[in-house]
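Worksheet for the structure shown next.
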Amino acid sequence: MAESFELPKQYDFQTAWERWYPYWEENKLFHSTPNPDKKPFTIVIPPPNVTGALHMGHALNNTLQDILVRMKRMQGFEALWIPGTDHAGIATQAMVEKKLREEEGLTRNDIGRDAMVKRIWDWKDSFEKRIIGQLKKLSVSCDWDRLRFTLDPVCARAVRNTFFTFFEKGLIYRGKKLVNWDAALQTAVSDDEINNETQAGHFWYLNYPVIDPQPGDLEFVTVATTRPETMLGDTCVACHPEPRKQLDLLEKQLRDALADAKDAEKDELEAKLEALLKRRETHLELLEKLAAMAKAGKKLLLPLANREIPLVADIWAKPEMGTGCVKITPAHDPNDFEVGKRTRVPFISIMKKDGTLAAEASVYTWDGKKFTNITADAPELSRTVPEKYVGMKMLDARDLMVADLEAAGVLVKVEEHEHEVPVSDRSKTIIEPFLNDQWFVRMADLAQSAMDAVTDGRVKIFPERYSRTYLDWLSEKRDWPIGRQLWWGHRIPIWYVRAVDGSDKMPTEAELAAAFAGRSDVKWVWDEEGKEWWICLREGEMNADVIPGYTLVQDDDVLDTWFSSALWPHSTLGWPEQSEDLKYYYPTSVLITSRDIITLWVARMVLAGLQNCGDIPFPNVFIHPKILDKYGETMSKSKGNGIDPIDVIQKYGADALRLGVAWLSTDSQDVRLPVDFECPHCGEKVEQTKENRIRPRVKCPKCKQFFSTQWAKKEEDVALPRGTVISERFEMGRNFCNKLWNASRFVMMYLMEDLDEVSKPDYTLQPVADSELFMEDRWILSRLCTMAKMFTEGLERYDYATCVRTLYDFTWDEFCSNYIEIVKYRLQTPELKATAKRVVAYVLDALLKLWHPVIPLITEEVWHLMAKVAPKRGLTAEDLAREQPESIVRAPWFVDFAGRINPTIEEQFVVFQDVLKAVREIRSRQNVPVKQDVQFVVKCPDEVAALLLPMKPYFSSMAQATLVDCGPNAAMPALSSNATGANWELGVNLEGLIDVEAELKKNRAQRDKLIGFITGKEKKLSNEAFTSKAPAKVVDAERASLADLKAQLAAVEEAIARLEK
RNA sequence: GGGCGAUUGGCUCAGUUGGUUAGAGCGCCGCCCUUACAAGGCGGAUGUCACAGGUUCGAGUCCUGUAUCGCCCACCA
C-alpha cells in the first residue's frame, strides 16, 4: 500500500538543486551521442573567459540556451550542448600579472615564461572550476562529458591545422604594421581592445625653419601637433600639392550640399562655406607657396634633432585645415604611416618596447613592396633622439621637449584642445602606435565568404537589425592581426632558422627540402624582407636540429584569442578529424550570444567554419539584450554594480533567476536591472547608489549597522558581514514557483485519495470521453493548447519574454485563479470528482512539461511526486498507453495543440469571468461581509443564460453569491447593486446591506463614462469618411459596440432611478 | 562624424501587419490569516504613450523634425 505524503506550504527552492542536479548528472541525462534515429540539435556555449566569475549577462545567456536545449530534447531531438571556457589571452594574463605585481611585486619577466604560464594555468583551473560550479548551480543541461577549453589538446589541434591550412593557402603573412602598442603589458593589442577617451590636451604650433630659402620662399613652415614628442621621428612635412584646385572642389561640394539642404542644416553649411571662403582669402597664397616649395624639393631643419627633412606634397595635408601643412611621423601615427608609404620617406621608430625613447632609433624604408631595415646604414637618422631624452617615457619627454622647443623659439603658439586618446582596455595605459612585425590573416576572400552567408540567408541573425553590424564590419575587409606578444595562448606555429655558428647565413631551399623530405605537414616560405625562412608545422613539436648546421626556433608570440574562438563550433566536435560527432552534430543549430561580439566572434566563426568545414557553423544567431543597472550602465565588478548569479540563486533559487532573466529577454538591445544591497544584519534592502557602491563599507539606514562590500580591504572592513548585491526583480520568479508548487500540492492532495487504487499493479484508467467533459474542462483544455502552441512557436523565434509571460499568465490567472477555483467544487463532490481530477492532473502535467525548460528544478520535483500519485495522467487512449519517463528531462513535449482548441468556448467563457468579477466587485464595494451570502440575477439572452446556469455552483463557491434568476425576463431586485456587460445586466440583491449613496455615486460615474464613449462612437459613426473608408468589419463592430453601450447606459439609468426612489 | 536603439502609470518593462475603453511585475490603497498558496486571495487607484509637425476615416504603432539618454564603429595635424 502506497503511503500518502505531506508537502510543505512553501516550495523549498534552497535545497531543490541538491535533490535534482546530482540526479541528472548521475543518470547522464544531458549526455548525447550521435543517434541516427533522431535529428540532432546542437548548441555550443559561448565559452566564458576564465578571467573571472560569471555575471548576470552569463546567467541570461546560458538560461536562454538551456531553455532551447531542454525543449528540443523533450521534442525528441538528440540534443547536445557543449560547454567550455575560453583562455582569453590578454585578459587572463593581465589579471595574473596584476596579481603577481600586487602580491609579490614581480613582473612576468622576473619569473620567466614557464613559471608565468604555470601560474596562469593555476588561475585558469581555479576559475574554470568556479565557472562550471556557477553554471551547474544555474541548472543548465550541458553535456559535461564534453567539456572543452580553448587551449586543450583537441582545440590546439584544430588551431594548428587551421593555421597550417591558411599558411599553405597564402592567407597568412607577416608584415610590418603600425600596431597599437601597450607599453605596460608590452604587447600589441587589437583595435577592439582599445577604448577612446576624451582628454584635455593642447595643440602646439611649431616653426620648422626652411633651409636655404630663396626669395619668395617662406622662412619657416608652421605645423601643429597634439603629440610633440613624436617630432623626433618626423621624416617630412606635407602640404597639399594643388591647394587651389582642392579648395575649389570643396567649395563646389559645399554649394551643392547647400542647394538641397534642409532648412535646419543650412546655417551650418553656410557657416562652413563662409569659413572656406575666408580661408581661401587668408591662406591660399601661403598654400600655393608651400606647394611650389615642395615641388622645388625644399628642405626643412627639424628642431632638436637638427636634421634635414623634406617638404613634400601629399593629399593628406588638408588645405582647409590647420596651418596648411602637417608634420609626418610615419612610424608613430597611422595616417602618417600611409603618407610615408606614398611619399617613400624613411620610417623612424624612436620608441622602445617599454615605451621609452631609444638611443638608437630603428629606421626602415619602403620600396612599394617591402620594408628594409637601414638602421646601420643611416646613422644620421637612427641617432635622431638627443641624449637628454633617451630613456624617458614618451609622455615625460613631451614636457621637457616642449620646454626646449620654447627655449629655442620654435614654439609659436599653444592652444587648448580636447581630443580622443586611445587607452588600452586591459592596462588602462595610453596606446602608442608602434612599428612592429605582425602576423596577419588576409581577409578579402574570407570576409566576403562570411558576408555572403548572411546576405544569401544561410545564416540568419535575430533580431535582424544586427545583420548590419555584421556586414558593415566585414565589408571593411581589414586584415586581421593575429599575433599577440603574450605568453598565454596558442603559440604561433612558425619556426625561424638560425645558424648554429651564430652567423646570419640561411639554408638553401634544397637543404630544407632534404630535411623535410616526404613531409606534407611542413611548409616553408621565403621572407624577402627579413631574408629568412618561415617554416610552418601542421602538428606536434618541431625537431630543432632537423637541418644540419642550423637550429629551429619557434616564434615567441601567441595567437589572438579569437583565432581559437573562431573554430569553436567545429573544434569542439573534434575537427579536423572527420569523426561521427562532427558529421552528426555539425553545423550546430543556433548560436546565442550578446551583441558586443557579433564582429569579433560571430563573423569569424562563420568564415572559419566555411573555410575549414565547407559549411556554415550555424543557421541561426540570436542576439540577446545586454543587462544594465538602473542607471543604464553596464554591470561590472570594477563599478561595484555587478551581481553574482550565485547570490541571486541563494536568495531566490535558480528557477526564479531563470524565470526572471527569460522574462527580461525581449528583442530590445538592453534591459535595466535595478541592483541593491541587502543588509546582512536586518535583511533590509539598501538602495545602491553611485556613491555607496564604491565604498568599502555601507551603513544600513534601518538598523544603523555597517556591512562590507567587495571593496573592503582594511581589516576592520573585511571583518564586517558582507552585504550581498542582489535585485528584487527576482521575487517575481520565486513567487511564481511557490504558486506553481501550491497548485501542484493542491492537485495532488486530491489525487492522493486514490493512492491505494493507483499503486495496484493492475491499475488501469479508461479514456475520458468528450461527453464527460464540463464546459470549464473544455475551456481550460482549449486555453492550454492555445498557450502551448504560442509558447512552442514563440521559442522557435527566440521570443522568450512573450512566451514566458504568456505561460505565466495562463498558469496563474487561468489555471490557478479560474480553473482550480472552479473545479474545487467538483473535487469536493463525490459524484463529480472523477473527471475533474483527470483534467486537472492532465493540465498540470502539461504545464510541468512546458515549464520545465524555464524552471527545471521545481518541475522535476513535482514530476516525481506526480509519478507517485498519478502514474498515468492522460485523457485519451494514446496518452494512457504512453510510458512516462522517470525524469521530466526526457519527457515528451506537450503537443496536443489542434484537437482541443475551441475559440468559441474561449470567447463564451469570458462572459462567466466577467459576471463573476462584477459580482465580486459589488461585494467588495459594498463591504458585504465575507461569509454573508448574496443573491443576484442576470438579465441576458437565452444563449448567455445557457452558459451561465451550469456555472451556478461556482458563483456560490467563488463569490458567495447565489444566482437566483437568469434569462431574458429576469427581474432586477428592488434594492440592488448593478453592473452591465456587452449583452447582460446583473443585479445583486442588497436588501438590508446596501450603501445607497456609494451605489449612486458609482452608477453616476459609470453613466458619465458610458455617455462619453457613446458620444465618441456616435461621432465616429456619423463621420461619412469613416463609414465609407474603413473596412466593413470595423464599422460593424463599432455599430454593435455602440448598441451595447446604449443598452448598458439604459440599464445604468434604470438602476439609478430605482436607487433614487 | 557614421550607424543602431531607447523615451509608455512611482520603478522596470510588454504592446504582434495602424482598428473598440493601452497591459504586466514590483510598489500603492481597501477588505480578507476563506481547509493549495500571506512568497497568498478578492477588489481598487494611478498613463495628455518625450516634444512638434505630417500621412490616415482612425496613430502608442507609419513618416519628418526636435530634445534627452544609451550602445557600436570611425576619427583630422
| query | Would you pick out the residues in region A:125-170 that are closer than 20 Å to A:Cys613 by Cα and in contact with a helix residue (DSSP H, G or I) (Cβ under 7 Å, 6 or more places away or on another chain)? | reply | A:Arg148, A:Thr150, A:Val154, A:Cys155, A:Ala158, A:Val159, A:Thr162
| task | Run A:Phe1013 past the list (1) within 14 Å of RNA strand B (Cβ to nearest atom); (2) at positive phi and report the number of the one that doesn't hold. | result | (2)
| said: If the requirement is being in contact with a helix residue (DSSP H, G or I) (Cβ under 7 Å, 6 or more places away or on another chain) and surrounded by 18 or more Cβ atoms within 10 Å (Cβ to Cβ), which of these qualifies: A:Trp487, A:Trp480, A:Trp495? | reply: A:Trp487
| note | Scanning region A:947-975 for residues that are more than 20 Å from A:Arg826 (Cβ to Cβ), in a strand (DSSP E or B) and in contact with a helix residue (DSSP H, G or I) (Cβ under 8 Å, 6 or more places away or on another chain) gives A:Cys966, A:Gly967
| remark: Listed by range, strands (runs of 3 or more DSSP E) wholly within region A:411-481 having at least 2 residues that are more than 12 Å from RNA strand B (Cβ to nearest atom) and of a type in the set (Val, Ile, Thr) are A:411-424
| query | Looking at (1) in a helix (DSSP H, G or I); (2) buried (at least 20 other Cβ atoms within 10 Å of the Cβ), which is the one condition that is false for A:Pro22? | reply | (2)
| A:Val661: more than 13 Å from RNA strand B (Cβ to nearest atom), buried (at least 18 other Cβ atoms within 10 Å of the Cβ) and β-branched (Val, Ile, Thr), yes or no? | no
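Looking for whichever is modelled with pLDDT of 80 or more, part of a helix (DSSP H, G or I), of a type in the set (A, V, I, L, M) and within 10 Å of RNA strand B (Cβ to nearest atom) here; the options are A:Val1035, A:Val1052. Which one fits?
Values: A:Val1052 fails: within 10 Å of RNA strand B (Cβ to nearest atom).
On inspection, the qualifying residue turns out to be A:Val1035.
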| query | In region A:908-918, which residues are more than 8 Å from RNA strand B (Cβ to nearest atom) and either touching an Asp or Glu at 6+ places or on another chain (Cβ under 8 Å) or open to solvent by less than 40 Å² (accessible area, probe 1.4 Å) (or both)? | reply | A:Phe909, A:Val911, A:Phe912, A:Val915, A:Ala918
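Yes/no per residue for (1) under 29 Å from A:Arg797 (Cβ atoms); (2) touching a residue at least 60 places away in the same chain (Cβ under 8 Å):
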position	(1), (2)
A:Gln554	no, yes
A:Pro569	yes, yes
A:Tyr584	yes, yes
A:Ile597	yes, yes
A:Trp601	yes, yes
A:Asp615	yes, no
A:Lys626	yes, yes
| said: Just the residues that are open to solvent by 40 Å² or more (accessible area, probe 1.4 Å), assigned to a helix (DSSP H, G or I) and either touching a Pro at 6+ places or on another chain (Cβ under 6 Å) or at pLDDT below 90 (or both), please, taken from region A:733-765. | reply: A:Glu753, A:Asp754, A:Asp756, A:Glu757
| Criterion: open to solvent by 30 Å² or more (accessible area, probe 1.4 Å), in a helix (DSSP H, G or I) and more than 16 Å from RNA strand B (Cβ to nearest atom) - qualifying residue of A:Ser771, A:Ser782 | A:Ser771
| Among A:Ala1040, A:Ala1047, which is under 18 Å from A:Trp984 (Cβ atoms), near RNA strand B (Cβ under 8 Å from one of its atoms), open to solvent by 50 Å² or more (accessible area, probe 1.4 Å) and in a helix (DSSP H, G or I)? | A:Ala1040
| query | Quick one: is A:Val944 open to solvent by less than 10 Å² (accessible area, probe 1.4 Å), β-branched (Val, Ile, Thr) and not in a loop (DSSP other than H, G, I, E, B)? | reply | yes
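Can you find a residue in region A:794-802 that is away from RNA strand B (no atom under 13 Å from the Cβ), within 37 Å of the chain's Cα centre (by Cα) and closer than 22 Å to A:Met74 by Cβ?
Let us first name the residues in region A:794-802 that are away from RNA strand B (no atom under 13 Å from the Cβ), namely A:795-796.
With within 37 Å of the chain's Cα centre (by Cα) added as a condition, the list becomes A:795-796.
In the following step, the residues that additionally are closer than 22 Å to A:Met74 by Cβ were identified as A:795-796.
So far as region A:794-802 goes, yes, one or more of its residues are away from RNA strand B (no atom under 13 Å from the Cβ), within 37 Å of the chain's Cα centre (by Cα) and closer than 22 Å to A:Met74 by Cβ.
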| field | Selected residue (criterion: farthest from RNA strand B (Cβ to nearest atom)) from residues of region A:919-938 that are open to solvent by 70 Å² or more (accessible area, probe 1.4 Å) and in contact (Cβ under 8 Å) with a residue 60 or more places away in the chain | value | A:Gln932
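Does region A:828-851 contain any residue that is of a type in the set (Val, Ile, Thr), open to solvent by 10 Å² or more (accessible area, probe 1.4 Å) and in a loop (DSSP other than H, G, I, E, B)? If you could, list the steps in order and put the result at the bottom.
In the first step, residues of region A:828-851 are kept if they are of a type in the set (Val, Ile, Thr); the result is A:829, A:835, A:839-840, A:843.
In the following step, the residues that additionally are open to solvent by 10 Å² or more (accessible area, probe 1.4 Å) were identified as A:829, A:835.
With the extra rule that they be in a loop (DSSP other than H, G, I, E, B), the set shrinks to A:829.
Within region A:828-851, one or more residues are of a type in the set (Val, Ile, Thr), open to solvent by 10 Å² or more (accessible area, probe 1.4 Å) and in a loop (DSSP other than H, G, I, E, B).
The values are calculated or read from the model by the stated rules, or taken from the named source; none is laboratory data. As the structure is a prediction and not an experimental result, all values here were calculated from the model. Note that we place each Cβ from the backbone using ideal geometry, even for glycine, and neighbour counts take in every protein chain shown. SASA here: full protein model, heavy atoms, side chains in, ligands and nucleic acids out. Shrake-Rupley method; radii C 1.70, N 1.55, O 1.52, S 1.80 Å.
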